[in-house]
Amino acid sequence: MSKISLSPTNDFCPQSLFLYGTYDDEGKANFGLFCWFSYVWDSELGVMACIGGSKLTKANIHRTKVFSANLVTEALLPLADLMGNTRGGSPEKAAAAPRLEAGRVLPVPVLTDSPVVFELEVKQFIPLHDGEVMLCAIRNVLQDETLADEAKTSTEKLAEIAPVQTTCSRYFSWNGRDLGEWGEPRKKLAR
Ligand SMILES: Cc1cc2nc3c(=O)[nH]c(=O)nc-3n(C[C@H](O)[C@H](O)[C@H](O)COP(=O)(O)O)c2cc1C
């Protein structure tokens, strides 16, 4: 393969998407869309997440030290795209009313329609120039009970829950089908 050099980019490196759920200082649930999310090992499995700039999600996590990370599926994509392209506290974001439930272990809002949810507690904040890395303990994992069905393969279960991936400023299905550019899926939401 003959390669070309580029300035920093993560194009062609697909990432899973999560909606981070937090409570604001009035106890109202807020969700932001995030993909700089991966795993760490330190005696047990943990999560590392990076938030750039100033965001309501970041302020809420600083105050409470906890958040939920809800896996984004094709069914959730219009909502997720809205949450990723509108600031916390904006009227459009406030008007979206996803089905919510409470975390089982931590005081975090959880999306009823996400099949895989982490309840996370930040153990260490690592402030950078204008971004921040957070190292988190996984206090609970909520999975749709169908994912425990031993009669089905992981391939079948992934096809059923249909997680969304992102790269090149676009969304893709689990099997690589184009689901639109950032900012497009939200247009499907009823006005
Ligand atoms: C596909 C996608 C992925 C995103 N991933 C991140 C991310 O990993 N880190 C980040 O700081 N912002 C990310 N954003 C931007 C936030 O979702 C956006 O700033 C949002 O308005 C934050 O919501 P909040 O203001 O309610 O906190 C992403 C946006 C999109 C569309």
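The values are calculated or read from the model by the stated rules, or taken from the named source; none is laboratory data. These numbers were taken from a predicted model, which means no experiment stands behind them. So basically every Cβ, Gly included, is an ideal-geometry build from the backbone, and we count neighbours across all protein chains shown. Heads up: the accessible areas ignore ligands, DNA and RNA and are worked out on the full protein's heavy atoms, side chains in. Shrake-Rupley method; radii C 1.70, N 1.55, O 1.52, S 1.80 Å.
In segment 80-106, the residues that are free of Cβ contacts under 8 Å to residues at least 40 places away in the same chain and more than 17 Å from Phe67 (Cβ to Cβ) reach residues that are β-branched (Val, Ile, Thr) and more than 8 Å from the ligand (Cβ to nearest atom) with C-beta atoms within less than 6 angstrom, at least six apart or across chains, in these pairs: Arg99/Thr112. Here Thr22, Thr64 are screened, and the one residue that is under 14 Å from the mean Cα position of the chain (by Cα), more than 30 Å from Ala159 (Cβ to Cβ) and either within 14 Å of the ligand (Cβ to nearest atom) or without any contact (Cβ under 8 Å) to a residue 60 or more places away in the chain (or both) is Thr22. If I ask for residues that are buried (at least 16 other Cβ atoms within 10 Å of the Cβ) and of a type outside the set (D, E, K, R), which ones from segment 112-134 would you list? Listed by number, the residues that qualify are Ser114, Pro115, Val116, Val117, Phe118, Leu120, Val122, Met134.
Considering segment 1-23 alone, what residues qualify as being in contact with a helix residue (DSSP H, G or I) (Cβ under 7 Å, 6 or more places away or on another chain) and open to solvent by 30 Å² or more (accessible area, probe 1.4 Å)? Break it down stepwise before answering.
Step one: filter segment 1-23 for residues in contact with a helix residue (DSSP H, G or I) (Cβ under 7 Å, 6 or more places away or on another chain), giving 17, 19-20, 22-23.
The answer is Tyr23, and nothing else.
When each of Arg104, Arg139 is tested for being in a loop (DSSP other than H, G, I, E, B) and among the basic types (Lys, Arg), the lone residue that passes is Arg104. When segment 39-60 is limited to residues that are within 12 Å of Cys136 (Cβ to Cβ) and open to solvent by 50 Å² or more (accessible area, probe 1.4 Å), the one that is farthest from the ligand (Cβ to nearest atom) turns out to be Glu44.
Kindly check whether there is at least one residue in segment 93-101 that is more than 14 Å from the ligand (Cβ to nearest atom) and basic (Lys, Arg). There is at least one residue in segment 93-101 that is more than 14 Å from the ligand (Cβ to nearest atom) and basic (Lys, Arg). Residue count for segment 25-38, restricted to those that are under 12 Å from the mean Cα position of the chain (by Cα) and either more than 9 Å from the ligand (Cβ to nearest atom) or not in a strand (DSSP E or B) (or both): 3.
When you go through Leu179, Leu142 one by one, which is the residue that is over 17 Å from Thr22 (Cβ atoms) and surrounded by 14 or more Cβ atoms within 10 Å (Cβ to Cβ)?
Details: Leu142 fails: over 17 Å from Thr22 (Cβ atoms).
The conditions single out Leu179.
Within segment 113-131, how many residues are in a loop (DSSP other than H, G, I, E, B) and either within 18 Å of Thr73 (Cβ to Cβ) or in contact with a strand residue (DSSP E or B) (Cβ under 7 Å, 6 or more places away or on another chain) (or both)?
Of all residues in segment 113-131, those in a loop (DSSP other than H, G, I, E, B) come to 113-115, 128-130.
Pick out the ones that are also either within 18 Å of Thr73 (Cβ to Cβ) or in contact with a strand residue (DSSP E or B) (Cβ under 7 Å, 6 or more places away or on another chain) (or both) and you get 113-115, 130.
The qualifying residues number 4.
Per the conditions (1) surrounded by fewer than 21 Cβ atoms within 10 Å (Cβ to Cβ); (2) within 9 Å of the ligand (Cβ to nearest atom); (3) outside any strand (DSSP E or B), the sole criterion not satisfied by Ala75 is (2).
Go through the residues of segment 149-162 one by one and say whether even a single one is at pLDDT 95 or above, in a loop (DSSP other than H, G, I, E, B) and within 14 Å of the ligand (Cβ to nearest atom). Step through it out loud before you land on a result.
First, pick out the residues of segment 149-162 that are at pLDDT 95 or above: 149-162.
Remaining after also requiring in a loop (DSSP other than H, G, I, E, B): 149-153, 162.
So of that shortlist, the ones also within 14 Å of the ligand (Cβ to nearest atom) come out as none.
For segment 149-162, residues at pLDDT 95 or above, in a loop (DSSP other than H, G, I, E, B) and within 14 Å of the ligand (Cβ to nearest atom): absent.
Take the conditions within 12 Å of the ligand (Cβ to nearest atom) and open to solvent by less than 10 Å² (accessible area, probe 1.4 Å) and apply them to Ala69. Does it pass? It is true that Ala69 is within 12 Å of the ligand (Cβ to nearest atom) and open to solvent by less than 10 Å² (accessible area, probe 1.4 Å).
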